[in-house]
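The structure appears right after this line, and notes come after that.
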Amino acid sequence: MRSDIVPGGIFPDYELPDHTGKLRKLSELQGEDPLILTLARGHYCPKEHQQHLELAAFYPKIAVAYTQIATIATDDHHTLQEFRASVGAQWTFLSDPDRIIQKDLDIQEYTDPEHNPMIPHTLVLKPGLMIYSIYNGYWFWGRPSVIELWHDLRAVTSEIRPDWDLSTPGLREAWNAGDFSRFHGWNKQASLEDASKE
């Protein structure tokens with residue numbers, strides 16, 4: 001892995017075609033939320049299927065927790081669609097058959113010349129594509145469990161959401177005064193209302 005891809009660093013804002021063929025940037029997919037990013041071997045790998053089946057089962061919790069998820073694989077467009085459908089994923093899959101990320105991050109899995117995949121990794125990213133944690137999944141047990149992701153996402157969310165603890169001094173007073181800037185979701189609604197008054 002490239003030396004700057006470490007916790008506290010910024011993950012590159014790659015732009016790749018998604019499972020519908022539309023070009024998508026990671027920053028666009030992330031928005032202002034935490035992002036679980038999997039760099040996957042692809043459809044051929046049973047370990048990828050197992051990890052993604054677990055993520056698909058976990059997805060309803062990811063969705064209600066204002067968290068995003070994306071998978072990047074070296075599969076071509078058609079195979080990527082099959083991979084996504086076969087695990088029941090509801091999130092965005094990105095296709096990198098030219099192995100742009102594999103080369104850029106120096107994560108070629110050289111022990112598999114037949115498929116030439118990237119070494120699988122799972123990352124948890126704070127907003128702004130800031131790296132919180134990295135898991136190397138070359139061996140299956142190196143991949144994060146749902147429990148580990150839950151712990152990471154709890155830590156990340158508590159850092160980035162000013163309204164994590166509603167008993168924080170000043171929050172109730174701000175709410176009562178109509179200052180919603182520190183309340184997730186409400187801050188956007190307030191901004192829209194302010195813009196409509198102009």
> What are the pairs, 6+ residues apart or on separate chains, where a residue within the range 137-149 that is more than 12 Å from L55 (Cα to Cα) and touching a residue at least 40 places away in the same chain (Cβ under 8 Å) has its Cβ under 6 Å from a residue that is in a helix (DSSP H, G or I) and not aromatic (F, W, Y)?
Replying inline: F140/K47
> Does the range 151-159 include one or more residues that are under 30 Å from D18 (Cα atoms), part of a loop (DSSP other than H, G, I, E, B), in the same structural domain as H77 (by TED's automatic domain parsing) and modelled with pLDDT of 95 or more?
Replying inline: no
> Of the residues N176, N116, N136, which single one is on the phi > 0 side of the Ramachandran plot and among the polar types (S, T, N, Q)?
Replying inline: N116
>> Six or more apart or on different chains, Cβ atoms under 9 Å: show the pairs whose first residue is in the range 105-127 and under 17 Å from H49 (Cβ atoms) and outside the structural domain of W150 (by TED's automatic domain parsing) and whose second is assigned to a strand (DSSP E or B) and hydrophobic (A, V, I, L, M, F, W, C).
In response: none
> Restricting attention to the range 77-107, which residues are in a loop (DSSP other than H, G, I, E, B) and under 15 Å from the mean Cα position of the chain (by Cα)?
Replying inline: A89, Q90, W91
>> Among the listed residues W186, W141, identify the single one that is surrounded by fewer than 17 Cβ atoms within 10 Å (Cβ to Cβ), at pLDDT 95 or above and over 19 Å from I5 (Cα atoms).
In response: W141
>> Any residue that is farther than 16 Å from I131 by Cα, in contact with a Phe, Trp or Tyr (Cβ under 8 Å, 6 or more places away or on another chain), at pLDDT 95 or above and surrounded by 16 or more Cβ atoms within 10 Å (Cβ to Cβ) - is there at least one of those in the range 19-37?
In response: no
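The values are calculated or read from the model by the stated rules, or taken from the named source; none is laboratory data. Nothing here was measured: the structure is a model prediction, and the numbers come from that model. Please note: Cβ atoms are built from the backbone with ideal geometry, for glycine as well, and neighbour counts cover all protein chains shown.
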